[in-house]
Amino acid sequence: MKTIDEIKGRCVITEDGHWLWKGAIRPDGRAHIYAPDFTRRDGALSTQSGPRAVWHCANQKPVPSGWRVFGNCDEPTCCNPNHILLMSEKDFGKRQQRAGTLKGQTARILANRAIGRQRAVLTPEQVLYVQTSPKLGIDLAAELNVSKSAISKYRRGEFVCVRAAGGMFSGLMGGARG
C-alpha cells in the first residue's frame, strides 16, 4: 500500500465512517499494513500498525520523536485517516489516565508491582532492621549503602514496596485468616 486510496480499497466502509481493514491483523487486533515508513526507513515499505501506516501514507513524513500515532475510535482495525491522531507521549499518557483504559488489568498490575520490587532498595528483613534499630539514620545509610532520605522514609513507613523475599505471590498468603 502506497496511498490512502489503496488502503481504503482494502477496507469495508461502514455507515458510521469506519474503514475496517480486511487484510492481515496484528495479535493486538489492529491492522497490519505494508506501507511506506518515513520514521524508521526513509519511506521504504515495511509492515506496521494500521494507524501508523495510514499516518505515513497521508502525511509523507516521519512521526516526530516523542509523539505517538493511534486510532481515536473504538474499532481497532479502522484505517480512516479522520480517526487517526498524532499526540505527544505525555499527552497520550494523560489521555489514557483520564479514560482509565488501563485500570484493573491484572497483567499491568503485576508488571508494575514487579518493577517496584526491582526498584526497591531494601529487603523486608532490612526494612525491619532499619525500623527497629537504635542506630542513627546516617549510620544505617552508610551500613546499608542507601541514602539518608531512604532510611528516613522506611522509618516513617513511606516506602510500601520492598524486594520480595520469596516468589511473586509470597506476600499474598500471609494476611489470610482462617
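The values are calculated or read from the model by the stated rules, or taken from the named source; none is laboratory data. All values derive from a computational prediction rather than experimental measurement. Methodologically, a virtual Cβ is constructed for each residue, glycine included, from the backbone with ideal geometry; neighbour enumeration extends over all protein chains shown. These area figures cover heavy atoms from the full protein model, side chains too; ligands, DNA and RNA do not enter into them. Shrake-Rupley method; radii C 1.70, N 1.55, O 1.52, S 1.80 Å.
Numerical summary
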{"item": "Qualifying positions in region 48-82 - in contact with a His (Cβ under 7 Å, 6 or more places away or on another chain) and modelled with pLDDT of 90 or more", "result": "Cys78, Asn80"}
{"item": "Strands (runs of 3 or more DSSP E) within region 1-61 that include 2 or more residues surrounded by fewer than 17 Cβ atoms within 10 Å (Cβ to Cβ) and in contact (Cβ under 8 Å) with a residue 12 or more places away in the chain", "result": "44-49"}
{"item": "Looking only at region 110-130, and only at residues there that are open to solvent by 60 Å² or more (accessible area, probe 1.4 Å) and among the polar types (S, T, N, Q), the one that is modelled with the highest pLDDT", "result": "Asn112"}
{"item": "Every pair of residues 6+ apart whose Cβ atoms lie under 8 Å, when the first sits in region 131-143 and is of a type in the set (Asp, Glu) while the second is surrounded by 13 or more Cβ atoms within 10 Å (Cβ to Cβ)", "result": "Glu143/Lys135"}
{"item": "Region 77-95, residues that are crowded, with 18+ Cβ neighbours inside 10 Å and either small (Gly, Ala, Ser) or assigned to a loop (DSSP other than H, G, I, E, B) (or both)", "result": "Thr77, Cys79, Asn80"}
{"item": "Lone unmet requirement of (1) surrounded by fewer than 15 Cβ atoms within 10 Å (Cβ to Cβ); (2) assigned to a helix (DSSP H, G or I) for Gly104", "result": "(2)"}
{"item": "Number of positions in region 19-61 that are closer than 14 Å to Ile4 by Cβ and within 18 Å of the chain's Cα centre (by Cα)", "result": "2"}
{"item": "Within region 62-76, tally of residues that are surrounded by 13 or more Cβ atoms within 10 Å (Cβ to Cβ), more than 19 Å from Lys22 (Cα to Cα) and out of contact with any helix residue (DSSP H, G or I) (no Cβ under 6 Å at 6 or more places or on another chain)", "result": "3"}
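Rundown of residues vs (1) under 17 Å from the mean Cα position of the chain (by Cα); (2) closer than 12 Å to Arg52 by Cα, yes/no style:
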| site | (1), (2) |
| --- | --- |
| Val63 | no, yes |
| Val69 | yes, yes |
| Glu89 | yes, no |
| Phe92 | yes, no |
| Thr101 | yes, no |
